[in-house]
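A.B. asks: Just passing along the structure, written as structure tokens.
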Amino acid sequence: MLRRRNAGAELRKKVVLAELARPRTQTELQRRLGMSRSGTLHLLRRMEAQGLVRAAERIGGTQIWERRKGA
């Protein structure tokens, strides 16, 4: 039987999209998802490459992320 390497990835994407009903910082998402800082950033960057989310603005050292329209 073949198993996907990261079987929870699709579920995490759905959770991130739901959490981004309003713009949030990476730290907010990290805490709400219970993921590491690097894991959260990796997921957000993969989703950005897929056109699902975007880095909206940076305030100081804090990146604000938002859901793309239609995602």
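A.B. asks: Under 8 Å by Cβ, and 6 or more places apart or on different chains, what pairs join a residue from the stretch 30-43 that is surrounded by 12 or more Cβ atoms within 10 Å (Cβ to Cβ) and polar (S, T, N, Q) with one that is modelled with pLDDT under 90 and part of a helix (DSSP H, G or I)?
C.D. replies: Thr40/Leu33
A.B. asks: Test each condition in (1) at pLDDT below 95; (2) out of contact with any helix residue (DSSP H, G or I) (no Cβ under 7 Å at 6 or more places or on another chain); (3) not in a helix (DSSP H, G or I) for Gln63 and report the one that comes out false.
C.D. replies: All conditions are met except number (2).
A.B. asks: If you take the residues in the stretch 44-60 that are without any contact (Cβ under 8 Å) to a residue 12 or more places away in the chain and in a loop (DSSP other than H, G, I, E, B), which one is least open to solvent (accessible area, probe 1.4 Å)?
C.D. replies: If we filter the stretch 44-60 for residues that are without any contact (Cβ under 8 Å) to a residue 12 or more places away in the chain, which is where we start, we get 45-46, 48-50, 55, 57-60.
Checking which are in a loop (DSSP other than H, G, I, E, B) leaves us with 50, 60.
Details: Gln50: 97, Gly60: 69 Å².
The extreme case among them is Gly60.
A.B. asks: Which residues, counting only those in the stretch 10-29, are in contact (Cβ under 8 Å) with a residue 24 or more places away in the chain, open to solvent by less than 60 Å² (accessible area, probe 1.4 Å) and of a type in the set (A, V, I, L, M, F, W, C)?
C.D. replies: Those that are in contact (Cβ under 8 Å) with a residue 24 or more places away in the chain, open to solvent by less than 60 Å² (accessible area, probe 1.4 Å) and of a type in the set (A, V, I, L, M, F, W, C): Val16, Leu17, Leu20, Leu29.
A.B. asks: Give the residues of the stretch 6-43 that are hydrophobic (A, V, I, L, M, F, W, C) and part of a helix (DSSP H, G or I), sorted by residue number.
C.D. replies: Residues of the stretch 6-43 hydrophobic (A, V, I, L, M, F, W, C): 7, 9, 11, 15-18, 20-21, 29, 33, 35, 41, 43.
Scanning the stretch 6-43 gives Ala9, Leu11, Val15, Val16, Leu17, Ala18, Leu29, Leu33, Leu41, Leu43.
The values are calculated or read from the model by the stated rules, or taken from the named source; none is laboratory data. These numbers come from a predicted model, not from an experiment. Don't worry about glycine lacking a Cβ; one is built from the backbone with ideal geometry, like all the others, and counts go over all protein chains shown. In case anyone asks, the SASA skips ligands and DNA or RNA and just uses the protein heavy atoms, side chains included. Shrake-Rupley method; radii C 1.70, N 1.55, O 1.52, S 1.80 Å.
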